[in-house]
Amino acid sequence: MSDIPNPNELASYWMPYTSNRAFRRRPRMISGAKGLYYIASDGRRLLDATSGLYCVNAGHGHPKIVEAIKSSAETLDYAPAFQFAHPKAFELAGRLALLALDDLNHVFFANSGSEAVDTAMKIALAYHRARGEGSRTRFIGRERGYHGVGFGGMSVGGIPGNRKAFGSQLPGVDHLKTTYNRDKQAFSKGEPDWGAELADELEGLIALHDASNIAAVIVEPVAGSTGCLPPPKGYLERLGAIARKHGVLLIFDEVITGFGRLGHAFAAQRYGVVPDMITFAKGLTNGAVPMSGVLLREGIHEALMVGPEVMPELFHGYTYSAHPLATAAALATLDVYRDEGLFERADEMEPGFADIMMGLKDAPNVVDIRPVGLICGIDLAPRSDGVALRGYEVMERAFHEHDLYVRVSGDTLVVAPPLVAEMSDIEEIADRLRQVLEKVA
Ligand SMILES: Cc1ncc(COP(=O)(O)O)c(C=O)c1O
């Protein structure tokens, strides 16, 4: 007998970013996970094409991560995060600083990507103020960027649907143009050749407002949530150089791109650009316990380590910053990434992954495919009767009829398999996707 609850009993839980009424009519319930597979409530094994929400990089239920969480729950369930700490929090911060480039030596912990982004924005404001440049309060984001759902992240984010119901948001925010241009780059593998010059728009915004009023520019190195938009070759370097020239902090939001998705610990390494701060989450704990944080450069930390010694230097933090279970999960996850060589593995698999994804070019309604690292956006032409309807049907049919879980954003599918996937698993994902696309044609 199926253990799917009666749809009439599904009303209490208001699901996030979900079409709740459609879900209740035909639920997609997941009750287990192992390796590359989810287990649906009716017992079917579903291939996980998107690592949950881009977080389960080492595969589900990794025994070392499970063991670390269990043993932490037994020894230290919770430690106060304010004015007290537990040793593993320091160990984790040190490990992350070692993984990052240059002098990104300090870490502030939070629990979600949204909190990490708001933390980075607050640190940027506090940093400028501490140096006597308190007029630097403006932020620059980018169209099609996603930086979570806090008021800060939403304001710098560039997805219209995420903004329209929520009033005037943070004042003093501008958006760079998106780098995506289908006419110039359709079906490119990796970073498109065209578009580095789009970074020069930052120079124009700085001229408009004056550098003395701008705190930071925040971008995802590869925009993830709007369907995997790799940066044009040279774009991030150019953006970084302009920001540096004007004392504007550069924040890379690496919530998706961190921890191996692009074949490196951080995308900053792939692109050879050292940002002033990196926000990270998801893959840090392999998705097993919520945890996020901000890596920041020495100079920012140093500028804020001022004031009376018994006063907190930054009036900011979360009850669950560096939660012991999350810290244990993160340390075990970093061990797994290192011991199993998963970042290198992702790098080696990139060309094969790109070829397999590009093989879907002739599937019905596919209008662009954008693989980079082990993530790939596949745009479908919208149905004539409305945007996102085709995407929704693909997601539903994939789940119910083809035992495939894939993330869909509007009419864009995003494939981002766990980094432990074999080429044969990626071929299987592509086969199942093709079958679904043929059905919804
Ligand atoms: C780049 C980026 N920033 C921030 C977030 C927000 O993370 P969370 O949902 O954990 O708040 C996400 C989530 O997908 C993201 O992709």
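None of the figures in this text is laboratory data; all of them are computed from the coordinates on show. Since the structure is predicted, the reported quantities are computational estimates derived from the model, not experimental observations. We place every Cβ from the backbone using ideal geometry, glycine too, and count neighbours over all the protein chains shown.
Worth a mention:
- Cβ-placed point charges (K, R +1; D, E -1), dipole of segment 66-339 about Cα centre in debye, nearest 20: 600
- Rounded, prolate or oblate (a/c below 1.5 giving rounded, otherwise prolate when a/b exceeds b/c) for segment 121-208 by Cα gyration tensor: oblate
- When each of the peptides 48-56, 301-309, 116-124, 135-143 is scored by how many other beta carbons lie within 10 Å of its residues on average, the order from highest to lowest is 116-124, 48-56, 135-143, 301-309.
- Label positions at GLU298 and MET15, each projected 7 Å from the Cα along the C-beta direction, are separated by 4.9 nm.
- For segment 135-263: rounded, prolate or oblate by the Cα gyration tensor [a/c cutoff 1.5]: oblate
- One decimal place: the segment LYS177-ALA441 gains 91.8 nm when fully extended, by the rule 0.36 nm per residue minus the C-alpha distance.
- Under-5 Å amide H pairs with HIS106, H placed in peptide plane, nonlocal only: LEU296
- Segment 1-122, dipole about Cα centre (Lys/Arg Cβ +1, Asp/Glu Cβ -1), debye to the nearest 20: 620
- Separation of segment 215-238 from segment 413-432 is 24 Å, based on Cα centroids.
- Estimated inter-spin distance, ARG244 and LYS34, nm [label 7 Å along Cα→Cβ]: 5.0
- Partners for LYS439 among lysines (Cα-Cα distance below 19 Å; same-chain residues under 8 apart left out): LYS361
- Taking a straight line from the alpha carbon of LYS70, these aspartates and glutamates sit under 18 Å away, with near neighbours fewer than eight places off in the same chain left out: ASP335.
- Beta-bridge orientation, segment 66-339: approximately 45 percent antiparallel, per DSSP, counting only bridges with both partners inside.
- By the Cα gyration tensor, the chain has an equivalent ellipsoid whose semi-axes, rounded to whole angstrom, run 34, 27, 21 from largest to smallest.
- A full extension of the chain between LEU314 and LYS361 corresponds to an added length of 11.9 nm, given 0.36 nm per residue minus the alpha carbon distance.
- A simple spin-label model places pseudo-atoms 7 Å from Cα toward Cβ; at ASN213 and ARG44 they are separated by 5.5 nm.
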